[in-house]
Structure formats: C-alpha cells, structure tokens
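Visitor: Here it is, the structure, as structure tokens.
The values are calculated or read from the model by the stated rules, or taken from the named source; none is laboratory data. Just so it is clear, the model here is predicted, and its values are computed rather than measured. Positions of Cβ are backbone-derived with ideal geometry, glycine not excepted, and every protein chain shown enters the neighbour counts.
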Amino acid sequence: MQAKKSLGQNFLVNKNKIKEIVESLELKEGDIIIEIGPGHGELTEEIIEKFKYLNIKKCKVIAIEKDEELAKDLKNKFAENKNVEILEGDALKILPDLNSKFQIPNSKFKLVGNIPYYITGFLFRVLESLDNKPGFSVFMVQKEVAERICAKPPKMNILSASAQFWATPEIIAYAPKKDFDPVPEVDSAVIKMTTNKQQPAAEEKNRYYGFVKIIFKQPRKTILNNLRQITGDQQLIKSKLESLKINAADRPQNLSLEQLSRLSGVFSDIL
C-alpha cells in the first residue's frame, strides 16, 4: 500500500530498530500498550511476539490507526488475536477518553508509536493535559525534535520546558532516513518519556504552562524583556528575579526547569 503524504506516513522497516523499541517497553504481566499509528502492524506484531516469548498472558495492545484502509487491514490481520484491539480514528482525539473507556491504571499503561512529524507538538500537548498519564512513552520522532525535548540549559526551549515538567526524557536510539519507507527528508530518534511520579496540581500546572509560553515567546530577547509582557514595572521584575538570583539580562534558554517552576510561582500574582 502506497504511503499517504497527507498523513505523514513513513513506515519503519528496520527490523532491528523495531526490536529495540519493543525492548525499551519493558513488557510485564498486565501491561496495556497503546500504539499510535501502527501502519502495517510490524511493531504490533513484534510486541505480541515478545509477550509470547515472555509467557505473558495478561496483556493488551490497543492500536489507533487514522488511515481507514490500514485500519481495515489491521483488523483482518489481528482478527484472531484477543489481545489486540484496533481503533480507527485520530489518536489526538481518542487518547483523552481512552483511559476512562478502558479503565486503564497509569502504572500499567504505556504509549508507543512511530509518530508522524506534523503531529508531534499536538501529541505532546495532549499528553500534558491527561490526568491519567502513561507510566512511560516510547516514540520515534524527528531527531531535531527529540534533541529539543531533551535539552538542558543553555539550550532550553518551550518544548523541553513543557515536556520535562511532567516527564523525564532520554534519547535511546537514532534512526537514519534509510530505516524508513518512503525515505523521509530528515533523520529520526527514539525517545523515551518516563512520567514523573509526582504530578503538579491543576492550578500549578496551568500557571506553569502559561508562564512558559510568555518567557519563551521571544527566546532571543532577555528574560527581563520577555517578562515585560506581564508587567511594565521593570523594577518589580528585577526585584523578583534577584530574589531567585537570576540575571535579568540572561536569555530564557539559560533557565533550568527548577528556575522556571519557581519563577512561575513568584510571578503568579501578576500572571
């Protein structure tokens, strides 16, 4: 079946890389694996085979496929396997309701997928908003995006600041263009996001994300100039920054996750 450019389809064909992704899932008894964009089902098959090899009987794979033709083929392919369920639709719309529908405990819920480049940002925003997050997620994404998610000072950015607030990311493998069919224009990377056990309360979360949008709105400008979007009182801004020993002339990329979190609290009264 020919890949559809409109859906960002680049199928992973490197079998060793597929096995590496499955190994990173650390499959255990009772696991529920939610796969985004299973395509032809190569990764799905490898997950099922690994479950069998480990003699794990209590398990489930829920694969969400947006492509109507692929979803139909997958349903036929796994029709005899009671541990596999194929859902046709948009994962970005299905994920928020999936937890309640299947009553999935987050300790047993893992996400995996070869993610179309164009939905990566949207997907992470969906994950950020989930009350019941997966124990961890393993995604194949664009190499540059994976590196941005894992960035630390002095290369912090809005993506790393947002993602690292709820999870600890690490790049576990790289995948060159030749590992895919059709061949994409850029290289990819496998990123593992381990969800932080302690998640912030809704009020703190909303305050933090609101602050991050402001501080990184113009990343080339200084922290002081970005914060002037909140208030024109420069002296107040400088005073609050000094209380945290942060240089007003620095740029947002130099701020650590801890500093960003503390700053969002310090400026909460005027956000």
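Visitor: If you take the residues of segment 46-67 that are assigned to a helix (DSSP H, G or I) and out of contact with any helix residue (DSSP H, G or I) (no Cβ under 7 Å at 6 or more places or on another chain), which of them is surrounded by the most Cβ atoms within 10 Å (Cβ to Cβ)?
Guide: This residue is Phe51.
Visitor: Under 8 Å by Cβ, and 6 or more places apart or on different chains, what pairs join a residue from segment 231-246 that is within 22 Å of Glu258 (Cα to Cα) with one that is of a type in the set (D, E, K, R)?
Guide: Ile237/Arg228; Leu244/Arg262
Each row is one residue, and each column tells you yes or no for (1) among the hydroxyl-bearing types (Ser, Thr, Tyr); (2) touching a strand residue (DSSP E or B) at 6+ places or on another chain (Cβ under 9 Å); (3) in a strand (DSSP E or B).
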residue: Met156; (1), (2), (3): no, no, no
residue: Ala161; (1), (2), (3): no, no, no
residue: Val186; (1), (2), (3): no, yes, no
residue: Val190; (1), (2), (3): no, yes, yes
residue: Thr194; (1), (2), (3): yes, yes, yes
residue: Tyr208; (1), (2), (3): yes, no, no
residue: Asn225; (1), (2), (3): no, no, no
residue: Ala248; (1), (2), (3): no, no, no
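Visitor: Going residue by residue through segment 233-246, is there one that turns out to be in contact with a helix residue (DSSP H, G or I) (Cβ under 6 Å, 6 or more places away or on another chain), over 30 Å from Lys17 (Cβ atoms), in a helix (DSSP H, G or I) and not assigned by TED's automatic domain parsing to the domain that holds Arg148?
Guide: yes
Visitor: Which condition from (1) out of contact with any helix residue (DSSP H, G or I) (no Cβ under 6 Å at 6 or more places or on another chain); (2) within 23 Å of Glu203 (Cα to Cα); (3) not acidic (Asp, Glu) is the one that Ala146 breaks?
Guide: (2)
Visitor: Let me ask something additional. Just one of (1) within 23 Å of Lys155 (Cα to Cα); (2) touching a residue at least 24 places away in the same chain (Cβ under 8 Å); (3) loosely packed, with under 14 Cβ neighbours inside 10 Å trips up Met193, so point out which.
Guide: Met193 satisfies every listed condition except (3).
Visitor: I've got another one for you. Can you spot a residue in segment 96-110 that is assigned to a strand (DSSP E or B), touching a Pro at 6+ places or on another chain (Cβ under 8 Å) and buried (at least 21 other Cβ atoms within 10 Å of the Cβ)?
Guide: First, the residues of segment 96-110 that are assigned to a strand (DSSP E or B): 109-110.
Going one step further and asking which of them are touching a Pro at 6+ places or on another chain (Cβ under 8 Å), we end up with 109-110.
Applying the additional criterion that residues be buried (at least 21 other Cβ atoms within 10 Å of the Cβ) yields 109-110.
Checking segment 96-110: at least one residue is assigned to a strand (DSSP E or B), touching a Pro at 6+ places or on another chain (Cβ under 8 Å) and buried (at least 21 other Cβ atoms within 10 Å of the Cβ).
Visitor: Consider Leu92 against the criteria (1) out of contact with any Leu (no Cβ under 6 Å at 6 or more places or on another chain); (2) under 16 Å from Leu123 (Cβ atoms); (3) touching a residue at least 40 places away in the same chain (Cβ under 8 Å): it satisfies all of them except one. Which criterion is unmet?
Guide: The one condition Leu92 does not meet is (3).
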